[in-house]
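Step one of this worksheet: look at the structure below.
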Amino acid sequence: MTFQTKRGPPRSKEESTGTDAPAWFGGGATPRQPQGKGARLTSRFALGVLFVALYVVLSAAGEVYAASYFQQADVFVALLVSFAAVCLSFNLLAGRETGKARVTKSALMAFVSLNFVTGISWIGLFIGLKYAEPAIVVAFMVALGPAATVWLNALIRRKGVPPASDIVVSVTIAMIGGYMIWISASGNAGVQWGPRSSFGIVLAIVAGLSLALTNILVKLLFDGGFSGRQVLAHRFYGTILLLLGLVDHSSIVLEISQHWLVIAAIGLSTIIIPLLLIQEGIRRVEPFTVNMVLSTAPVITFLFQYFDSRIVPSLHTFVGNVLITIVAVGNVYSQYRRTA
C-alpha cells in the first residue's frame, strides 16, 4: 500500500521547526530577539492556536444548526453524504501529490485505529446533539479530552510523564464536567430532560474520549511525515461503513432530494471546513494544547444556541461553560509563555 507525498529539498534542523506565518501574525523578528528558532516556535504555536480557535467557532455554529435540523430529519443520511464527499475529494487531491512513501506497520495500525475512533467520535457527537442541549454535549466532549490526552499522549507518542500543571488543569476541567452532568440530570439544562437524554450524554462522553485519541493519532501520522490530504483521504472508511449499516437505505434518495441544501450546509460547516482547520492546528501544536483550545467550545456553542428557539437559555449551563473556558484559556496562555 502506498501513499502520495511531496518531497522537497532537505531542510536544516532549525528550519524544520519554522512556519509560513506572515510577519503581521508574529512571524517576523521582535525587538528583543532576532528571527530564529524561538521566534518561529512562538509564531508556529500562535498560528496553530488560531486554526483550532477558528475550528471551534465554525463547528459550534454548525452543531447548533445541525441539532435543530436533526429533530425532524435523518442524521445518518446527512453524515453519510458528508463523509463520502470528504473521502472522495481528498482521495482525488492526495492522488495528485508527487512522490511515493511506503506505509510502515505502525502507520497502518495508526490509520486503522484512526478510522475506528473517528467513526465513534463523529456519530456519537451528532446523536448526542439530537437528544441533549448542544452546549452540554460539547462540554462533555471537551471535559474528558484533556485528562485522556495527558495520559494517551504519554503512552502512544512516548512523551514521558506530563507536567504537573497539565494534570491539575485536566482534572479541574473533568470536575467541571461532573457539574455539567448534574445540570442535565437535575433538569437545569436548556433542553428538557427526555427519556433518551441519558443516552445522548453517554454518547457525548464516549465521543469526547474518542476525539482525544483521534487528535493524538493524527499528530502521530503527521510526525511520520504524512500530509493533511493523506490523513483526510484515508481516515473515514470505517465511518462510512458504520453509517451504511445504520442508515435506512430506502430513505437516502428521498432525504437528499428534499434536504440537499441543508445537508450540504451541515457537511461544510461541521465536517469539511472544520477538519481542514483543526488538522492545520494539530500540525503546529501538541494534542494537549489542541484540547485546551477545544475546551472553549462549550461557551461559544452556548452563545449560538440563542438562534435556536427550542432551547431555553440556562444560567447553570452558562456558568459551567465559562468555568471550563477560564481554565482552558489560562492554560493556553501559560503554554504560550513557556513556548516564547
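The values are calculated or read from the model by the stated rules, or taken from the named source; none is laboratory data. Remember, it's a predicted structure, so these values are computed and weren't measured experimentally. Ideal geometry is used to build each Cβ from the backbone, glycine not excepted, and the neighbour counts take in all protein chains shown.
Arg158 fulfils the conditions (1) more than 21 Å from Ser121 (Cβ to Cβ); (2) of a type in the set (Lys, Arg); (3) touching a Ser or Thr at 6+ places or on another chain (Cβ under 9 Å) except for a single criterion, (3). Looking only at residues in the range 203-235 that are among the charged types (D, E, K, R) and in a helix (DSSP H, G or I), the one that is farthest from Ala107 (Cα to Cα) is Arg229.
The single condition among (1) within 21 Å of the chain's Cα centre (by Cα); (2) modelled with pLDDT of 85 or more that Ser43 does not meet is (1).
Kindly evaluate Ser309 against the criterion of being polar (S, T, N, Q), surrounded by fewer than 17 Cβ atoms within 10 Å (Cβ to Cβ) and within 18 Å of Pro146 (Cβ to Cβ). It would help to see each step written out before you state the result.
On the way: polar (S, T, N, Q): yes; surrounded by fewer than 17 Cβ atoms within 10 Å (Cβ to Cβ): yes; within 18 Å of Pro146 (Cβ to Cβ): no.
Judged against the criteria, Ser309 is not a match.
Of the residues Ile273, Ile263, Ile300, the single one that is closer than 24 Å to Ser82 by Cα and surrounded by fewer than 19 Cβ atoms within 10 Å (Cβ to Cβ) is Ile273. Of Leu276, Leu232, Leu220, all but one fail to be within 29 Å of Pro162 (Cβ to Cβ) and in contact with a Lys or Arg (Cβ under 7 Å, 6 or more places away or on another chain); the exception is Leu220. Among the residues of the range 279-297, are any over 13 Å from the mean Cα position of the chain (by Cα) and within 27 Å of Tyr69 (Cβ to Cβ)? Looking for residues that are over 13 Å from the mean Cα position of the chain (by Cα) and within 27 Å of Tyr69 (Cβ to Cβ), one finds none in the range 279-297, hence no. Per the conditions (1) among the charged types (D, E, K, R); (2) more than 20 Å from Val138 (Cβ to Cβ); (3) in contact with a helix residue (DSSP H, G or I) (Cβ under 7 Å, 6 or more places away or on another chain), the sole criterion not satisfied by Asp223 is (3).
Is it true that Ala143 is touching a Gly at 6+ places or on another chain (Cβ under 7 Å), assigned to a helix (DSSP H, G or I) and not aromatic (Phe, Trp, Tyr)? So Ala143 fits the description; yes.
Residues considered: Gly281, Gly320, Gly330. Of these, the only one that is among the small types (Gly, Ala, Ser), closer than 29 Å to Ala39 by Cβ and surrounded by 16 or more Cβ atoms within 10 Å (Cβ to Cβ) is Gly281.
For every residue, the table says whether it meets (1) assigned to a loop (DSSP other than H, G, I, E, B); (2) at pLDDT below 70; (3) among the acidic types (Asp, Glu).
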| position | (1), (2), (3) |
| --- | --- |
| Ala21 | yes, yes, no |
| Pro31 | yes, yes, no |
| Pro34 | yes, yes, no |
| Ala66 | no, no, no |
| Ala78 | no, no, no |
| Ser82 | no, no, no |
| Asn91 | no, no, no |
| Glu97 | yes, yes, yes |
